[in-house]
Ligand code: PMV
């Protein structure tokens with residue numbers, strides 16, 4: 001048992017969402033460890049603010065819940081079990097968490113019902129607040145690099161992909177065999193399954209756009225957690241992990257040297273492979289909607305006809321992320337306008353761009 005805490009503590013962070021270029025899909029044995037390395041771009045507009053207040057248990061009534069959560073100004077008891085699970089895991093590393101109760105106040109910049117996962121941004125923001133608290137409890141101030149790495153490590157326990165939201169413009173997570181060094185023989189894995197790390201990027205990637213076409217905001221039929229689980233006995237599991245490692249190597253090289261078209265083609269392959277894994281799981285399932293396929297065909301047709309360097313990717317859902325460099329902004333904007341018009345009112349747009357990473361929030 002740690003020493004009884006002396007006073008309340010508050011911390012507030014904004015953390016962004018991220019979009020994977022090489023997908024994390026499937027886990028190793030252990031707690032939230034990826035079966036393959038992944039790499040993502042960190043966004044700017046889709047982000048979550050978490051304001052954490054830690055109150056020593058001795059100062060509150062004994063029947064008070066461990067965690068109270070307000071989301072967008074409303075009490076949300078339905079979200080609490082997931083956060084309790086996260087904090088319980090984090091308390092193996094941070095035993096003092098058991099000495100406090102927590103008031104968490106959170107909001108997203110994007111609509112909760114948009115069908116865009118907010119777990120990456122919210123768990124990253126919580127990880128940052130918890131490491132702030134850890135510094136206060138231990139009296140040890142971490143330098144910036146150590147702080148981010150610790151927050152990435154903790155955020156991973158809340159949601160795997162959250163650990164990549166700590167770094168911008170791009171982050172990699174998971175043991176790997178050398179990236180741009182792939183031609184040299186590396187027999188020991190590099191990188192870590194426990195936390196993400198920043199990735200060296202060409203200038204071009206600092207303002208890549210991610211225009212998200214929301215074709216459905218319905219709740220997912222199969223959760224990401226169940227989807228990861230289905231990879232365990234998947235017939236193509238091992239082949240997929242090798243494929244991802246191979247793609248990861250190229251992605252790192254093309255992020256560094258600015259080969260956007262090579263990377264774009266690889267990103268589309270990764271998105272469709274992710275969904276192919278879902279379709280060929282036992283039981284198999286489909287998260288794409290007819291409008292997803294319609295947009296994919298239109299994006300490819302538009303690219304072939306006009307030479308505009310726009311590529312799509314998908315997360316574990318039906319919504320399309322259109323990725324393109326800033327130089328293509330005007331052409332893609334008019335393509336999106338006409339596509340949105342044609343697909344009707346049920347399709348909407350979240351217009352995002354690569355950002356600069358988390359920022360500390362104001363303590364109101
Ligand atoms: O972090 P999770 O468990 O929600 O899994 C995320 C999985 C994908 O979004 C589909 C891919 C990724 O790497 O972000």
Beyond 21 Å, the calculated P(r) of region 1-75 holds a percent of Cα-Cα pairs equal to 57
Compactness summary of region 138-214: radius of gyration and Dmax from Cα atoms, Å, are 14.9, 46
Between the modelled labels at residue 285 and residue 341 (7 Å from Cα along Cα→Cβ) the distance in nm is 3.7
Zone reached by a paramagnetic label modelled 7 Å from residue 88 Cα along Cα→Cβ, restricted to region 1-44 with backbone N below 18 Å, covers 30-33
proj_area_mean for region 1-153 (convex hull on C-alpha atoms), units nm², value 10.2
A student applying the Cα gyration tensor rule (rounded when a/c is under 1.5; otherwise prolate if a/b is larger than b/c, oblate if not) would label region 255-343 oblate
Taking Cα atoms only, helix 260-279 is inclined relative to the longest principal axis of the chain by an angle, in degrees rounded to 10, of 70
P(r) over all Cα-Cα pairs of region 31-101, 10 Å bins from 0 to the longest distance, whole percent per bin, short to long, reads 14, 38, 33, 13, 2
Length gained, residue 262-residue 200, 0.36 nm per residue minus C-alpha separation, equals 20.6 nm
Taking Cα atoms only, helix 237-257 is inclined relative to the longest principal axis of the chain by an angle, in degrees rounded to 10, of 80
For the chain, the longest principal axis of the Cα atoms and the Cα long axis of helix 119-138 enclose an angle in degrees, to the nearest 10, of 30
Semi-axes in Å, largest first, for the chain (Cα gyration tensor, √(5λ)) are 35, 23, 20
If 12, 163, 129 are placed from fewest to most neighbouring beta carbons inside 10 Å, the sequence is 12, 129, 163
By Cβ neighbour count within 10 Å, fewest first, 278, 126 rank 278, 126
From the Cα centre of region 56-125 to that of region 284-360, the distance in Å is 32
At the level of C-alpha centres, the distance separating region 201-266 and region 138-166, in angstrom, is 22
Relative contact order in percent for the chain (Cα pairs under 8 Å, 6+ apart) equals 24
Taking a ≥ b ≥ c as the square roots of the Cα gyration tensor eigenvalues, with a/c under 1.5 meaning rounded and otherwise prolate when a/b beats b/c or oblate if not, region 211-364 comes out rounded
PRE zone check, label point 7 Å out along Cα-to-Cβ of residue 235, amide N under 17 Å, scope region 277-319, hits 277-286
By the Cα gyration tensor axes a ≥ b ≥ c (a/c under 1.5 gives rounded; else a/b larger than b/c gives prolate, otherwise oblate), the shape of region 180-283 is oblate
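Throughout, read-outs are computed from the coordinates displayed, never taken from laboratory work. Nothing here was measured: the structure is a model prediction, and the numbers come from that model. Neighbour counts are summed over all protein chains in view; Cβ atoms, including those assigned to glycine, are modelled from backbone coordinates with ideal geometry.
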